[in-house]
Amino acid sequence: MRSGRLILAAVALVSVVAALVVAFGVRLNPDIVALLPARGDAAVLSRYLRGFGGGGVGVVLLEGEDPADVQAAADSLAAALANDPTVAFSASHIQPGERADPLLSWRAADATARAKLAQALTPEGMQERLAETRKLLLAPGSGSASDRIAADPLRLAEIAYGERSIGAGVTARADGYFATEEGKAHLVVVKPRGQALKGADAKAFVAAVDRALEDARRAHPTVTIRLTGPHAVAAGMEAMLRRDLTRSGVVSLVLASLAFALVFRRLRALAAIVPPLALGTLWTGAVAAAWPGGISAIAVAFTSIVVGVGFDTGVHVYAAVLDARREGLAPEEAARVARRRTARPVLVAATIASVAFASLALSSVDALAQLGLLCAAGELLTAVAIVLATPELAALLERGAPPAVTVPFYTRAFAALTATKRRAAVALLACLLAGASVFVTGVQVSDSLVAIRPKSLEALKVEDRIFELFGGKDKPWIVLVADADRDAAMTRADRIAERLVSDDVNVARVDALTSLLPSNETQRSRFSERDALDLPAKAAALEAALGEARFSVPPFEPFLEAMRKAPSDIVPVEQSLEGDLAVVASRYLGHEGGEHLVALHVQLNDVEGARAAMDRDVHDVDPSARITGYARLEADLKAALTQDLPRIGGVAAGLVLVLLIVSLRRARDVVLALGVLVVGLGALFGVVGALGVPLHLYSALVIPVLLGISVDEAMFLLHHGNAEEAAGTGDPIVATIRREAPPVITTALTTSAGLLALVAAQYEGLRDLGIMGSVGNAANLVVALLLVPAGLRLTMRAKQR
């Protein structure tokens, strides 16, 4: 009794330490970079997200039927947010400024506009532009345009700023507002001070904006007001994960306990199993709390998996205590005997499951590697906690007469299915057909974008709505340029943008910073291109053309003089970024790994070969540039699945095989255990294929885990079957099913119940993982209860049959 108390005291001490660690909080990492493969184009997307996802701008969408009310709400909200300490800048509109000197317009003109500027300075172009200018001056109400025309008779600024092919995202209306033309939808652009990838910064910013939004909603009840942007996505993702972590953990415990009560029929046993199971989960929580950078979206599933799988050990240990009590042993002695009998098999089973979980560490996706390592730790920790504590707790609960052995009706059914050699052959054939069903139903391989961009996340719904109202697509291609020198990176990006926009057959739109802020080198290059036109000679030609068009030349003399001495004023990038332009530039300029990043957003036409043409154009201009984006991510995720699944599955299968050989030590038993796994996985693929459940990177990699957690049923059936076979009394197959079917079914159902709890998660990636895991574990249970007895029956020695 004293040793039992010492064990419980040690368990309590470790638990107190773990509780103190967990008390500081499990950090949840909302960064979707952890969900992306660490190689290929997805690695480029990861770099883009790190370089740009930490900053960026928030956008508030306001919608209503009264344009005046919507505009008033946008103005008041922008003013309120501008005074918040978490906001660096907010605006509902920009002030339309005066256009620069028309001879400086080359600075911001893209290739299309510069070609038209050059054409306007030819004799024919001058005549055509001046004829249009005369019509403008003769039109009613054109008196206010006289000064503007005198400063720019060829309307060069109109060409430079109105004929550009390169965009810069959502543009303002003529009055400067970020709004649709009819005014029923407005945007407020907000620049946060903190980083989106820092949970505290993102939550503080969103909380401040939410307060302002509530005030605006009360003042304008007919206007719908919603927030999106990197900070809103990060805060929403973290809140979703925290809800899913709590919900799935509680639901898994409830479902597993319910499954246990229905099958094991010994409610008091929960008092001996749940506390150490909770302690093991708490210890695993301490590991998660200490994890550098916090745990990611998929890794949140560790609680449900640990709870579901952890019940297995408790069932076998408690059943061993009951067996010892039926043998007439005192409660304390029964506890020691039960621990001695079960410690090796349950810890071996836990080790096999832990190895299968740990194989996920080979995944190219950090989140899946994290999930595997946490579950591996949880499997071992809960098993140790249960082996140490459950026998002692059971001894306290089972001081009276032990319950009589009952034979549940389903054990007679399973025993009858393999009662004869012929029936065993039929059962074996049925298992093989179930395993081969995958070849009939097929498997639907899906992309994993739903796991990266959850459909239920409100900020992403708002983003989709903005694209719907203001045009564009939500998943453009991204061309990423990196350089230690920012101006060099911008110059390279400027050249790529001009090359892409020249291909109007394949490229629908290019959004790039060069339309607003070209690099210093690009500005110099464009002025050189302008000066090559010989503006002093063009000034003489224009003076003659003005006379021929019957214009009075003196009003245009300042412009003509400017042509003779054309200005070449460079607008330094650093100077521009000190103003409001920095808000727009944050969409295109980033910083990561000691290098400056420049991004271009490209939308392709829906024509064959468009993607290949884009790749060719980009790499012809700049071989070092990389192309990424969610549009390409689908192929990367499928590639990661085809690479990771065989590698991880092969390692897991190899390690499980080694452990099976060491544990079972008989070729027949090893073959039967492996047969359960192979046939069970085939049946799983058949079921999910028939139901149309998509198989993707984040759900498929639960399959190697099933190799570890589903082998328990086969191992315990084989262990007891061998013992009965050696005893040589009665029918060993029937005895094995009557003794082991209840605990085996209980453990499998509690595991499936724990995984099924993930279906209640809001996060789609967790839901798919839960479906695959629960269905797979249930399929392996049925296969084990048929294939192992059938295999034993068919291979049993004659005298024992």
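The values are calculated or read from the model by the stated rules, or taken from the named source; none is laboratory data. The model shown is predicted, which means the values in this text are computed figures rather than measured ones. In this analysis, Cβ positions are derived from the backbone assuming ideal geometry, glycine residues included, and neighbour counts consider all displayed protein chains. In case anyone asks, the SASA skips ligands and DNA or RNA and just uses the protein heavy atoms, side chains included. Shrake-Rupley method; radii C 1.70, N 1.55, O 1.52, S 1.80 Å.
The sole residue among 60, 22, 17 that is over 30 Å from residue 546 (Cβ atoms) and either part of a loop (DSSP other than H, G, I, E, B) or modelled with pLDDT of 85 or more (or both) is 60. Do we have residue 393 as open to solvent by 20 Å² or more (accessible area, probe 1.4 Å), part of a helix (DSSP H, G or I), modelled with pLDDT of 90 or more and out of contact with any Cys (no Cβ under 9 Å at 6 or more places or on another chain) here? Answer is yes for this residue.
Only a single item in (1) at pLDDT 90 or above; (2) more than 29 Å from the chain's Cα centre (by Cα); (3) of a type in the set (S, T, N, Q); (4) not in a helix (DSSP H, G or I) is not met by residue 624, and it is number (2). When residues in the stretch 663-682 are screened for being of a type in the set (Lys, Arg) and either without any contact (Cβ under 8 Å) to a residue 40 or more places away in the chain or in contact with a Gly (Cβ under 6 Å, 6 or more places away or on another chain) (or both), 1 of them pass. What number of residues in the stretch 142-181 are at pLDDT 70 or above and surrounded by 15 or more Cβ atoms within 10 Å (Cβ to Cβ)? The qualifying residues number 18. Here the condition is being open to solvent by 40 Å² or more (accessible area, probe 1.4 Å), farther than 23 Å from residue 680 by Cα and either among the aliphatic types (A, V, I, L, M) or without any contact (Cβ under 8 Å) to a residue 12 or more places away in the chain (or both); of 367, 401, it holds for 401 alone. Evaluation of residue 352 against the conditions (1) at positive phi; (2) touching a residue at least 40 places away in the same chain (Cβ under 8 Å) shows that the sole unmet condition is (1).
Taking the stated definitions as given, is residue 654 assigned to a helix (DSSP H, G or I) and out of contact with any Gly (no Cβ under 8 Å at 6 or more places or on another chain)? So residue 654 fits the description; yes.
Listed here are the residues, each with its yes/no results for (1) surrounded by 15 or more Cβ atoms within 10 Å (Cβ to Cβ); (2) in contact with a strand residue (DSSP E or B) (Cβ under 8 Å, 6 or more places away or on another chain).
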residue	(1), (2)
554	no, no
564	no, no
573	yes, no
594	no, no
597	yes, yes
601	yes, yes
605	no, yes
609	no, no
614	yes, yes
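Would a scan of the stretch 769-783 turn up a residue that is among the hydroxyl-bearing types (Ser, Thr, Tyr) and out of contact with any Lys or Arg (no Cβ under 9 Å at 6 or more places or on another chain)? Yes, because at least one residue in the stretch 769-783 is among the hydroxyl-bearing types (Ser, Thr, Tyr) and out of contact with any Lys or Arg (no Cβ under 9 Å at 6 or more places or on another chain).
Scan the stretch 317-333 and tell me whether some residue there is among the small types (Gly, Ala, Ser), within 25 Å of residue 263 (Cβ to Cβ), open to solvent by 20 Å² or more (accessible area, probe 1.4 Å) and in a helix (DSSP H, G or I). There is no residue in the stretch 317-333 that is among the small types (Gly, Ala, Ser), within 25 Å of residue 263 (Cβ to Cβ), open to solvent by 20 Å² or more (accessible area, probe 1.4 Å) and in a helix (DSSP H, G or I). No other residue among 259, 234, 219 is under 26 Å from the mean Cα position of the chain (by Cα) and either buried (at least 22 other Cβ atoms within 10 Å of the Cβ) or touching a residue at least 40 places away in the same chain (Cβ under 8 Å) (or both) apart from 234.
Close contacts from the stretch 777-801, counting a first residue that is in a helix (DSSP H, G or I) and of a type in the set (S, T, N, Q) and a second that is modelled with pLDDT under 90 and surrounded by fewer than 21 Cβ atoms within 10 Å (Cβ to Cβ), with Cβ to Cβ under 6 Å and a gap of 6+ residues or different chains, come to 795/668. Being open to solvent by 50 Å² or more (accessible area, probe 1.4 Å) and either at pLDDT 90 or above or in a loop (DSSP other than H, G, I, E, B) (or both) is the filter here, so list the residues in the stretch 80-110 that pass it. Residues satisfying the conditions are 80, 83, 85, 94, 95, 96, 97, 98, 99, 101.
Considering every residue within the stretch 732-739, establish whether at least one is at pLDDT 80 or above and among the polar types (S, T, N, Q). So far as the stretch 732-739 goes, yes, one or more of its residues are at pLDDT 80 or above and among the polar types (S, T, N, Q). If I filter the stretch 188-202 for residues that are buried (at least 24 other Cβ atoms within 10 Å of the Cβ), part of a helix (DSSP H, G or I) and not small (Gly, Ala, Ser), do I get at least one hit? No, there is no match, as no residue in the stretch 188-202 is buried (at least 24 other Cβ atoms within 10 Å of the Cβ), part of a helix (DSSP H, G or I) and not small (Gly, Ala, Ser).
Contact annotation: residue pairs with Cβ atoms under 9 Å, 6 or more positions apart or on different chains, pairing a residue in the stretch 179-190 that is free of Cβ contacts under 8 Å to residues at least 24 places away in the same chain with a partner that is surrounded by fewer than 23 Cβ atoms within 10 Å (Cβ to Cβ) and part of a loop (DSSP other than H, G, I, E, B), are 181/173. When 748, 757 are checked against the criterion of being closer than 30 Å to residue 364 by Cβ and either among the polar types (S, T, N, Q) or buried (at least 24 other Cβ atoms within 10 Å of the Cβ) (or both), 757 stands alone in meeting it. Scan the stretch 513-521 and tell me whether some residue there is in contact with a Gly (Cβ under 9 Å, 6 or more places away or on another chain) and crowded, with 17+ Cβ neighbours inside 10 Å. There is at least one residue in the stretch 513-521 that is in contact with a Gly (Cβ under 9 Å, 6 or more places away or on another chain) and crowded, with 17+ Cβ neighbours inside 10 Å.
Among the conditions (1) touching a residue at least 60 places away in the same chain (Cβ under 8 Å); (2) open to solvent by 70 Å² or more (accessible area, probe 1.4 Å); (3) not in a loop (DSSP other than H, G, I, E, B), the only one that residue 487 does not satisfy is (2).
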